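Chemist: Before we start, here is the structure in question, set down as structure tokens.
The values are calculated or read from the model by the stated rules, or taken from the named source; none is laboratory data. Source: prediction; values computed, not measured. Please note: Cβ atoms are built from the backbone with ideal geometry, for glycine as well, and neighbour counts cover all protein chains shown.
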Amino acid sequence: MTVLLLVMISLLLLVLYRRYIPVWGIGKINIDRVSSCNDKITIVDTRDYQISSQDMIDNACCLPMPYLHRYYNELPNHKLIIVAKDRVDKNLSSRFLRKKGKHVIGYHVAANE
């Protein structure tokens, strides 16, 4: 019984860690300062299509969270900046892309209006 309880607590802590603990080494970046002519940086917009279409970001790859697992390999092997709707999406997408070998350098949390 104690083993089952320990396993359940461990799984709960793992889920909470992935969602709520910030990713180490990724800083907040103002998306307006990123030069659009820089070919070595790719902006990945992980917000839903309905949200991102209302607040378009120039030269961004629109790849919502549900599609990230399927199409991450189509992202170029450049430095990535993630645009997310909240901290949870930022953490989940950053961890996933880093796990798959992508170089995430920063994030931008878009303001909900």
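Chemist: Any chance you could count how many residues in region 71-91 are surrounded by fewer than 20 Cβ atoms within 10 Å (Cβ to Cβ) and either in contact (Cβ under 8 Å) with a residue 60 or more places away in the chain or part of a strand (DSSP E or B) (or both)?
Modeler: The total comes to 3.
Chemist: Can you name every residue in region 93-111 that is part of a helix (DSSP H, G or I) and crowded, with 20+ Cβ neighbours inside 10 Å?
Modeler: Within region 93-111, the first condition is being part of a helix (DSSP H, G or I), and the residues that meet it are 93-99.
Those that are part of a helix (DSSP H, G or I) and crowded, with 20+ Cβ neighbours inside 10 Å: Ser93, Ser94, Leu97.
Chemist: Now for a separate question. For region 20-70, how many residues are in contact with a strand residue (DSSP E or B) (Cβ under 7 Å, 6 or more places away or on another chain), part of a loop (DSSP other than H, G, I, E, B) and within 16 Å of Lys102 (Cα to Cα)?
Modeler: The total comes to 4.
Chemist: Which ones in region 76-113 are modelled with pLDDT of 90 or more, closer than 18 Å to Val34 by Cα and either touching a helix residue (DSSP H, G or I) at 6+ places or on another chain (Cβ under 8 Å) or among the β-branched types (Val, Ile, Thr) (or both)?
Modeler: Hits for region 76-113 are Leu80, Ile81, Ile82, Val83, Ala84, Val104, Ile105, Tyr107, His108, Val109.
Per-residue answers, yes or no, for (1) among the aromatic types (Phe, Trp, Tyr); (2) in contact with a Lys or Arg (Cβ under 7 Å, 6 or more places away or on another chain); (3) touching a residue at least 40 places away in the same chain (Cβ under 8 Å); (4) exposed (fewer than 11 other Cβ atoms within 10 Å of the Cβ):
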residue	(1), (2), (3), (4)
Gly25	no, no, no, yes
Asn30	no, no, yes, yes
Asp39	no, no, no, yes
Val44	no, no, yes, no
Asp48	no, no, no, no
Ile57	no, no, no, no
Ala60	no, no, no, no
Leu68	no, no, no, no
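Chemist: Quick check on region 10-19. Is at least one of its residues over 25 Å from Tyr72 (Cβ atoms), surrounded by 10 or more Cβ atoms within 10 Å (Cβ to Cβ), aliphatic (A, V, I, L, M) and out of contact with any strand residue (DSSP E or B) (no Cβ under 8 Å at 6 or more places or on another chain)?
Modeler: yes
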